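Enquirer: Pasting in a structure now, in C-alpha cells, and then I'll have a few things to ask.
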Amino acid sequence: MTSVSRTADSTDPAPELRQRWAVTVAEARGKKNPTTTDPAPYADNLLSRWREPQRRYHTVDHLAAVLYRIDELAEHADDLSTVQLAAWFHDAVYRPDRSENEERSAALAERALPELGIGAARTAEVARLVRLTVTHDPAPDDPDGEVLCDADLAVLAGSPDDYAAYAAAVRDEYAFVPDPDFLAGRSAVLSQLLSLPRLFRTPRGYDRWEHLARRNLATELDLLRGA
C-alpha cells in the first residue's frame with residue numbers, strides 16, 4: 001500500500017497533506033473505478049475548514065498528527081484508506097460552541113465521498129468512524145475504530161510541555177466559557193477518560209501511550225481541582 005513519508009524539515013503540512021489526500025482517495029476508489037473527479041478541490045476545502053479562525057487545537061497540525069499516528073498503527077487496521085479518510089473528516093466541522101460537530105462532519109463525508117467515486121459501503125464506514133469520535137469507545141471487534149480513536153487520543157501522551165500546550169490550546173478554543181464552567185466541564189471530560197479501562201485499544205497504542213496519557217490526565221485534573 002502506498003504511503004507518504006513525513007519530511008523532517010516541513011513547517012507547513014498542507015503540501016504533504018494534499019499529496020496524502022490524493023493517494024488515499026485513489027486507494028479508496030480502487031483501480032477499476034472510472035471516476036475522474038479531481039480530488040484536489042476537496043483537499044483544499046477540507047484544509048480551509050481545518051484552518052478556520054475559531055480553532056486553536058483542532059487545526060491542520062492536529063489533522064497531520066492524527067494521520068501520522070495512523071501510519072504508526074497501520075498494522076492494526078483492516079482498511080487503512082477508510083481510517084485515513086475518517087481522519088480527514090473527523091473534525092472537518094468544528095464549532096466549540098456546538099455539540100453536533102461529529103454528526104455534521106460525518107454528514108459532510110456522506111456528501112463528499114460519493115462525488116469522489118467512493119463506494120457506498122466505504123462512505124458509510126467513514127461516516128461511522130467519524131461518529132465514533134464522540135465517545136472514543138470502539139467495540140472490541142472494531143480494529144479500524146480502535147486505530148482512529150487511538151490516533152486521535154495520542155496527543156494525551158505527549159511530553160509535559162507538549163501536553164501543557166495542548167491543554168492551553170483547548171482552553172483557548174473555549175475562551176468564551178467562564179472559568180468556573182470550563183473547570184467543571186473539563187474536569188468531567190478528564191474524569192470520564194480516566195474511568196475507561198483502557199484509553200488505547202490497539203496493542204501498539206496501549207504499550208506506547210497508556211501510562212503517559214494517564215499521568216498527564218491525572219496531573220491536569222489535579223491542577224484543575226486546585227485552581
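Conditions (1) under 22 Å from Pro114 (Cβ atoms); (2) among the small types (Gly, Ala, Ser); (3) at pLDDT below 95, marked per residue:
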residue: Ala26; (1), (2), (3): yes, yes, no
residue: Tyr42; (1), (2), (3): yes, no, no
residue: Arg51; (1), (2), (3): no, no, no
residue: Ala64; (1), (2), (3): no, yes, no
residue: Ala74; (1), (2), (3): no, yes, no
residue: Ser81; (1), (2), (3): yes, yes, no
residue: Asp91; (1), (2), (3): yes, no, no
residue: Arg98; (1), (2), (3): no, no, yes
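Residue-by-condition table, conditions (1) touching a Phe, Trp or Tyr at 6+ places or on another chain (Cβ under 7 Å); (2) touching a residue at least 60 places away in the same chain (Cβ under 8 Å); (3) farther than 30 Å from Pro178 by Cα:
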| position | (1), (2), (3) |
| --- | --- |
| Ala26 | no, no, yes |
| Ala77 | no, yes, yes |
| Val83 | no, yes, yes |
| Ser105 | yes, no, no |
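Residue-by-condition table, conditions (1) modelled with pLDDT under 95; (2) crowded, with 21+ Cβ neighbours inside 10 Å:
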site: Gly119; (1), (2): no, no
site: Arg131; (1), (2): no, no
site: Asp137; (1), (2): yes, no
site: Asp144; (1), (2): no, yes
site: Ala157; (1), (2): no, yes
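Enquirer: Working carefully through the options Arg51, Arg98, find the one that is open to solvent by 50 Å² or more (accessible area, probe 1.4 Å) and touching a Ser or Thr at 6+ places or on another chain (Cβ under 8 Å).
Expert: On inspection, the qualifying residue turns out to be Arg51.
Enquirer: Let me ask something else. Filter the stretch 204-225 down to the residues that are of a type outside the set (A, V, I, L, M) and either open to solvent by less than 30 Å² (accessible area, probe 1.4 Å) or at pLDDT below 95 (or both) and list them by number.
Expert: Listed by number, the residues that qualify are Gly205, Trp209, Glu210, Asn216, Glu220, Arg225.
Enquirer: Could you grab the pairs with beta carbons closer than 9 Å, sequence gap of 6+ or different chains, first residue in the stretch 107-122 and acidic (Asp, Glu), second one open to solvent by less than 70 Å² (accessible area, probe 1.4 Å)?
Expert: Glu110/Thr123; Glu110/Ala124; Glu110/Val126; Glu110/Ala127; Glu115/Thr35; Glu115/Thr37; Glu115/Tyr42
Enquirer: Which residues, counting only those in the stretch 187-209, are in a helix (DSSP H, G or I) and farther than 15 Å from Leu221 by Cα?
Expert: Pro203, Arg204, Gly205, Tyr206, Asp207, Arg208, Trp209
Enquirer: Yes or no: the stretch 154-161 includes at least one residue that is more than 20 Å from Thr59 (Cα to Cα) and without any contact (Cβ under 8 Å) to a residue 40 or more places away in the chain.
Expert: no
Enquirer: Can you tell me which residues in the stretch 187-216 are more than 22 Å from Leu73 (Cα to Cα) and within 19 Å of the chain's Cα centre (by Cα)?
Expert: Val189, Leu190, Gln192
Enquirer: Looking only at the stretch 28-61, how many residues end up being over 30 Å from Phe176 (Cβ atoms) and in a helix (DSSP H, G or I)?
Expert: So the answer is 6.
Enquirer: Enumerate the pairs (first residue in the stretch 44-61 and more than 22 Å from Tyr163 (Cα to Cα); second residue anywhere and among the small types (Gly, Ala, Ser) and modelled with pLDDT under 95) with beta-carbon separation below 7 Å, excluding pairs fewer than 6 apart on the same chain, so at least 6 apart or on different chains.
Expert: Short answer, once both residue conditions are applied: Leu47/Ala14.
Enquirer: What is the number of the single condition among (1) within 17 Å of Asp142 (Cα to Cα); (2) surrounded by fewer than 18 Cβ atoms within 10 Å (Cβ to Cβ) that Val83 does not meet?
Expert: Looking at each condition in turn, Val83 falls short on (2).
Enquirer: Kindly evaluate Ala184 against the criterion of being at pLDDT 95 or above, assigned to a helix (DSSP H, G or I), small (Gly, Ala, Ser) and open to solvent by 60 Å² or more (accessible area, probe 1.4 Å).
Expert: Answer is yes for this residue.
The values are calculated or read from the model by the stated rules, or taken from the named source; none is laboratory data. On a predicted model such as this, the values are computed, not experimentally measured, just so you know. Here Cβ is always computed from backbone atoms with ideal geometry, including for glycine, and neighbour counts include all displayed protein chains. Accessible surface areas use protein heavy atoms only, side chains included; no ligands, DNA or RNA. Shrake-Rupley method; radii C 1.70, N 1.55, O 1.52, S 1.80 Å.
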